[in-house]
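Shown next, in structure tokens, is the structure this report addresses.
The values are calculated or read from the model by the stated rules, or taken from the named source; none is laboratory data. Values in this document were obtained by computation on a predicted structure and should not be read as measured data. No Cβ is skipped: glycine too gets one built from the backbone with ideal geometry, and neighbour counts run over all protein chains shown. Heads up: the accessible areas ignore ligands, DNA and RNA and are worked out on the full protein's heavy atoms, side chains in. Shrake-Rupley method; radii C 1.70, N 1.55, O 1.52, S 1.80 Å.
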Amino acid sequence: MSTNSDSGIRLVRNATVLATVGGTTFLVDPMFASPGDIPPIPDTPNDRENPLVPLPDVDLSHDAVVVTHRHRDHFNDAAKAELDADVPLFCQPEESDAFVEDGFTDVRPVETQASFDGVTLHRTPGRHGHGQLAEEMGPVSGFVFDADDTLYVAGDTVWYDAVRRTLDRFEPDMVVLNGGEARFNQGEPITMGVPDITAVRDATDATVVVVHMEAINHCLLTRDELRSETENVRVPEDGERVPL
């Protein structure tokens, strides 16, 4: 059982967050690799091995795991090795077989919604980039965690109509966005940059928190740049907690 009882999120690193709602803590997108363990994302302007920074020393206890998608900066071999095989693991239906093959025994694919320990999980759409590139990046999801408070973890997506519809439907108290403006040498960004984050900020009264920054080689937007170019947006450091 987790010891994180207060609602909110704790950024671990990159997209790895501890999301606590209704006294239940979900470990989202666990990437436990040590610096340099993962090759650089190819065809990008910054050819460095990943992750760029170590894991902070934080309590990672959790009640369940949620994986928005299986790209290596969201789930990797170190996480597969370190997580309990019988942990309840929520994922996209398209990826459930891969988790079973990894040895997890309580895989719970979410078609539309699921329940766990008093929390309702709603799987939400995402678009990992623009046009043909988004298609090539494969399916991605976000998740809404709904209990006494409502937390929307958008996942790897850019701003588009489905994100607006999710905000309108659930009216979350907190929104967690994957920033960093990740990109390749060609094409538009595949995660949120300043214009996307500003659009979300304008569309909701929720606390807006931006993660997925300064840890992977193709995420070029820095925290300081984002803070200087937005207003009323929380940009936590690794290990920092943002209460709901």
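Could you tell me whether any residue of region 142-165 is assigned to a helix (DSSP H, G or I) and hydrophobic (A, V, I, L, M, F, W, C)? So far as region 142-165 goes, yes, one or more of its residues are assigned to a helix (DSSP H, G or I) and hydrophobic (A, V, I, L, M, F, W, C). Annotation: of all residues in region 219-240 being under 16 Å from the mean Cα position of the chain (by Cα) and over 18 Å from ALA154 (Cα atoms), the one that is surrounded by the fewest Cβ atoms within 10 Å (Cβ to Cβ) is GLU237. Candidates PHE104, PHE99, PHE90: the one that is under 17 Å from GLY142 (Cα atoms), touching a Leu at 6+ places or on another chain (Cβ under 8 Å), buried (at least 19 other Cβ atoms within 10 Å of the Cβ) and of a type in the set (A, V, I, L, M, F, W, C) is PHE90. Being touching a residue at least 60 places away in the same chain (Cβ under 8 Å), assigned to a loop (DSSP other than H, G, I, E, B) and either open to solvent by 30 Å² or more (accessible area, probe 1.4 Å) or on the phi < 0 side of the Ramachandran plot (or both) is a property that GLU188 lacks. Of all residues being open to solvent by less than 50 Å² (accessible area, probe 1.4 Å) and touching a Lys or Arg at 6+ places or on another chain (Cβ under 7 Å) in region 54-74, which is nearest to ARG108 (Cα to Cα)? Just the residue, please. By that ranking, first place goes to VAL58.
Residues in region 132-176 that are out of contact with any Gly (no Cβ under 8 Å at 6 or more places or on another chain), open to solvent by less than 60 Å² (accessible area, probe 1.4 Å) and on the phi > 0 side of the Ramachandran plot: GLY138 only. For region 94-111, the count of residues that are touching a strand residue (DSSP E or B) at 6+ places or on another chain (Cβ under 7 Å), in a strand (DSSP E or B), closer than 18 Å to VAL153 by Cβ and modelled with pLDDT of 95 or more is at least one. Only one entry of ALA81, ALA33 meets the criterion of being over 18 Å from the mean Cα position of the chain (by Cα) and not hydroxyl-bearing (Ser, Thr, Tyr), and that entry is ALA81.
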